[in-house]
Amino acid sequence: MSKIRLLNFIGVLVLSVGLCGAQSAQDLLEQGRTYYKQGDYNKAFESFQKAANAGEAMGYLALGLMYESAKGTHQDMHQAFKYYQKAANMGVSEAYLILGSMYYNGTSVSKDYNKALKYYQKAANAGIAEGYTKLGFAYAEGHGVAQDYQKAAQYYQQGTDMGDGEASYYLGQLYYKGQGVSRDYSKAWTCYIIAASLGDTRAYWSLGNMYYEGKGAIKDYIKAKEYFQQAANAGNGMAYRALGWMYARGNGVEKDYKKALEYFQKAANLGVAEAYTSLGLVYANGHGVTKDYKKATTYYQKATDLGDARGYIGLGIMHEKGEGIKKDYKKALEYFQKGADLGVAEGYAGLGNLYEKGEGVKKDYEKALEYYQKAADMGTSYGFLGLGNLYRDGLGVGKDYFKALEYYQKAADMGNDEAYLNLGNMYYKGQGVVKDYKKALEYFKKGADLGNAHALYQVGHMYVVGEGVEKD
């Protein structure tokens, strides 16, 4: 239990004691609370013990908290459980919530979702807002009950109505994803605002993300950074990672790879698996650091060990290109497949690329098309890029420059540098469009700004020969 929750419960002891117990027991509880606030945990423990011995239910709750937090005594979760059980048997609603969490997480007792839910329901019935939140979470995860997002939403709404910030955060998540409710970014935004105002720091990250992506709010990198910073200041690792990407991409701030690296490292130190993938990308591409494929491989592997499937994509690319390790298409195929199986769109794009080129597998344009389409349907620019290549070159499909242009534009709109290069080439050559050097130069410049070396070369070439621009 966190220190904040412990202090809150200790405060509850005296607020509740007037409802039950003799005056002497009330005095002992007040005395224990005073000692606790003064930091004299030994005397606080003694006072709470005397109150409990006098039959005061809240005294048992206090003893449970003291044993759990090792304040005034040694830590003993079995003793804590025993006292929480006594408090619950005497009708202490806060004890229901604690016991529910112990059974839910398997803390000092065998994990038992059914028992956990019974205690959460008792807590909710007794007016504990967090009881509804815990019930909502169980239904959202399908723990002890059939997964039911609609019921989860109902419980989260009840918790929100009673002022629980965590309930508001989780309700916002459901509205954001459209689970159990119609997707509604505006409602998600409102829930996150409420959660943030009630101290749930995860909501700051979610609000930052909404401003960053322009979902539920007008895209605003400045506001996004403010919320990410608030979340980071509260120790949110995902927020540090988000700040890292803002500096890496120059979104709302001046591009600064060293700052990006610093934030990625902070996120990684907080155990964020995705941050290790980000660090792998930094070292693989040499952004703000000397290229170091060995470090990149180590970080990608760490990411996968911690559960970020995108680490597999990094490992796949390194094996495909032979970066820092021997080129091995079979290994690349294996890693891309692992990523795809875990729902990473880029895994499908990687598989499509191998089947298109016949690397590690027999060349198969139909399979390439299938994988690129899956990747595109999942929203990655690399899927659209692959589809554009197939239609441009007529591989497994009829050559269709118009479709190629359409797919390249979709990929470019998502910030894909190679898509800008390909669009530039099509306007330069007049493929599916009227030849237009100015338009070609515009696309080449965009690709170059995103770090594409071939696009940069094309820009230089056009200035040298004076195509679409005065010779320079």
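We did not get these values from a lab; they are worked out from the coordinates using the rules stated. The structure presented is a predicted model; accordingly, all values stated were derived computationally and were not measured. Note that we place each Cβ from the backbone using ideal geometry, even for glycine, and neighbour counts take in every protein chain shown.
Odds and ends about this structure:
- Dimensions (Å) - the stretch 338-385, Cα atoms, principal axes, largest first: 26, 21, 12
- For residue 179, distant residues with modelled amide H under 5 Å away: none
- Taking 16 Å as the cut-off, the amide N atoms of the stretch 182-223 that come nearer than this to a point 7 Å along the Cα-to-beta-carbon line of residue 150 belong to 182-183.
- Exposed loop sites, defined as GluC sites (Glu not before Pro) outside DSSP H, G, I, E and B with at most 10 other Cβ atoms within 10 Å, are absent from the longest region of the chain, namely 1-253.
- The stretch 30-89 versus the stretch 236-251: alpha-carbon centroid distance in Å: 44
- Backbone HN-Hα couplings from phi across the stretch 156-171 [Karplus 6.51/-1.76/1.60, Hz, Gly and Pro as x]: 4, 5, 5, x, 5, 4, 9, x, 8, x, 5, 4, 4, 4, 5, 5
- Applying 1/(1 + (r/R0)^6) with r as the Cβ-Cβ distance of residue 184 and residue 463 and R0 = 45 angstrom yields a FRET efficiency of 0.35.
- Nitroxide proxy distance, nm - points 7 Å out along Cα→Cβ at residue 121 and residue 287: 5.0
- The rule of thumb for compact globular proteins, 2.2 N^0.38 Å, goes into the C-alpha radius of gyration of the chain 1.27 times.
- A Förster distance of 60 Å, applied to the separation of the beta-carbon atoms of residue 24 and residue 306, puts the FRET efficiency at 0.65.
- Phi to ³J(HN,Hα) by Karplus 6.51 cos²θ - 1.76 cosθ + 1.60 over the stretch 41-55, Hz, x for Gly, Pro: 6, 4, 5, 4, 4, 4, 5, 5, 5, 5, 5, 5, 4, 7, x
- Qualifying lysines (Cα of each under 27 Å from Cα of residue 111; at least 8 residues distant if same chain): 3, 71, 82, 86, 122, 134, 151
- Per-q log10 I(q)/I(0), the stretch 283-323, q = 0.28, 0.32 Å⁻¹ (Debye; single scatterer per alpha-carbon; no solvent): -0.93, -1.06
- Counting every alpha-carbon pair across the stretch 48-203, the share separated by more than 23 Å comes to 43%.
- Over all directions, the projected convex hull of the C-alpha atoms in the stretch 415-471 averages 3.3 nm² in area.
- Remark: the chain carries a charge dipole of roughly 480 debye about the Cα centre, counting +1 on each Lys and Arg Cβ and -1 on each Asp and Glu Cβ.
- DSSP-loop trypsin sites (Lys or Arg not before Pro) across the stretch 76-115, with at most 16 other Cβ within 10 angstrom: 111
- Low-density loop positions, trypsin sites (Lys or Arg not before Pro), the stretch 316-397 - DSSP coil, at most 16 other Cβ in 10 Å: 326, 327, 362, 363
- The stretch 332-461 - Debye-derived log10 I(q)/I(0), Cα point model, q = 0.14, 0.16, 0.20 Å⁻¹: -0.60, -0.77, -1.07
- Between residue 294 and residue 258, the modelled label-to-label distance comes to 2.5 nm, taking each label 7 Å out from Cα in the direction of the beta carbon.
- Whole-Hz Karplus values for the stretch 112-124 come out as 8, 5, 4, 5, 4, 5, 4, 5, 4, 5, 4, 5, 5 Hz, taken residue by residue from phi with 6.51 cos²θ - 1.76 cosθ + 1.60 and θ = phi - 60°; glycine and proline positions read x.
- Per-pair calculated FRET efficiency, R0 = 56 Å: residue 107 and residue 393 via Cβ, rounded to 0.05: 0.40
- Counting other Cβ atoms within 10 Å as a rough exposure proxy, the listed residues 74, 461 run 74, 461 from fewest neighbours to most.
- Cβ-based exposure ranking for 193, 128, in which fewest neighbours within 10 Å come first: 193, 128
- For the chain, with +1 on Lys and Arg beta carbons and -1 on Asp and Glu, the positive-most of 87, 73, 34 along the dipole: 73
- Of 27, 341, 308, the sequence from fewest to most neighbouring Cβ atoms within 10 angstrom is 341, 27, 308.
- Two-decimal Rg to Rh for the stretch 193-295 - Kirkwood Rh, Cα set: 1.01
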